[in-house]
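S.K.: Could you have a look at this structure, given as structure tokens, before my questions?
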Amino acid sequence: MVLMALVAASGMAARAAAQDLADFDYEHLSLRGIGFEAGYLPGYRIHGVRGEIRSLGARLDLGYLGPGLRIAPSVTYWSSELEAEEVSRLETRLEQLIAREVGPSGSEAGPEVDLGRITWSDLVVGVDAHVVWNIPFGWLSFLGLGASVHVLDGQGEAVDDTFIEDLLDTVRPGVNVHLGLEYPLWSWSRLYWHGRYEVTDDLRYFNVRGGLQLMFGGTAPGEMEPR
């Protein structure tokens with residue numbers, strides 16, 4: 001369904017822009033380049049992790065599956081500490097759970113739990129479909145959808161090899177929508193920027209990225225040549 005929607009959107013974008021990419025042949029799906037990127041997740045909480053988070057990633061440019069429709073697999077990684085409030089809530093729940101299991105302890109104080117520092121990371125592996133069109137001043141723009149798998153991992157000295165780590169370690173399917181710009185520097189390289197909104201069953205966040213793509217060949221028909 002995602003691919004069909006993008007194919008339809010690709011045709012509309014290409015007709016609106018009236019560019020050569022609308023006439024691109026389907027035989028040009030092959031590895032054209034690799035991009036390396038860095039970004040950040042803006043400063044708001046994601047399931048209790050600290051504010052601004054750095055991300056690192058890479059993408060492959062597989063060329064065009066159809067008129068103006070480019071395929072780009074990618075991998076991204078970010079990591080952050082859980083906020084103190086989130087850790088404190090976990091500690092309180094554990095203390096209450098232990099107290100219920102142990103039962104009344106008379107005048108003795110209840111158990112105290114110290115989980116220390118806990119980190120949470122996300123490794124995202126996905127495939128994006130970009131609707132690409134030409135815009136003025138030698139730029140390309142792209143709008144797309146993607147499907148992904150999020151491999152989430154929680155770590156901490158006090159939680160490693162416990163059921164808490166098992167709760168934090170999950171694998172979730174996800175989707176994303178993204179919008180970006182590209183500018184060719186030379187025939188072998190181009191700069192690009194894009195913003196992405198990632199969604200899983202209970203995890204949502206915005207990611208802004210920029211990178212440099214190394215090209216294995218020249219520009220495709222309909223793409224501008226570097227100035």
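S.K.: Once the other residues with Cβ under 15 Å from the Cβ of GLY57 are scored (Lys, Arg +1; Asp, Glu -1), what is the net sum?
M.R.: Here the count lands on -1.
S.K.: Taking θ = phi - 60°, what integer Hz values does the Karplus form 6.51 cos²θ - 1.76 cosθ + 1.60 yield along segment 78-95, in sequence order, with x for Gly and Pro?
M.R.: Couplings: 9, 8, 7, 7, 5, 5, 4, 5, 5, 5, 4, 5, 4, 4, 5, 5, 5, 4 Hz.
S.K.: Quick check: at a probe of 1.4 Å, how many percent of the accessible area of segment 84-219 sits on carbon and sulfur atoms? Before the final figure, lay out each step's value.
M.R.: Working: 4530 of 7330 Å².
Here it works out to 62 percent.
S.K.: Further question: Short version: ³J(HN,Hα) in whole Hz for each residue of segment 198-214, in order, from phi by Karplus 6.51 cos²θ - 1.76 cosθ + 1.60 (θ = phi - 60°), x for Gly and Pro, what are they?
M.R.: Using θ = phi - 60°, the values come out as 9, 9, 10, 4, 9, 9, 9, 7, 9, 10, 10, 9, x, x, 10, 9, 9 Hz.
S.K.: What list of ³J(HN,Hα) values in whole Hz, one per residue of segment 186-194 in order, does the Karplus curve 6.51 cos²θ - 1.76 cosθ + 1.60 (θ = phi - 60°) give from phi, with Gly and Pro shown as x?
M.R.: 9, 5, 9, 7, 8, 8, 8, 9, 7
S.K.: For segment 137-190, report the accessible area per residue in Å² (1.4 Å probe, heavy atoms, rounded to an integer). Let's see the in-between values first.
M.R.: Values: 2780 Å² over 54 residues.
Solvent-accessible surface per residue comes out at 52 Å².
S.K.: I'd like the accessible area for ILE164, computed on protein heavy atoms only with a 1.4 Å probe and all protein chains in place. Round to 10 Å², please.
M.R.: 20
The values are calculated or read from the model by the stated rules, or taken from the named source; none is laboratory data. Here the structure is a predicted model, which is why all the values come from computation and not from measurement. Cβ sites come from the backbone with ideal geometry, for glycine too, and all protein chains shown count toward neighbours. In case anyone asks, the SASA skips ligands and DNA or RNA and just uses the protein heavy atoms, side chains included. Shrake-Rupley method; radii C 1.70, N 1.55, O 1.52, S 1.80 Å.
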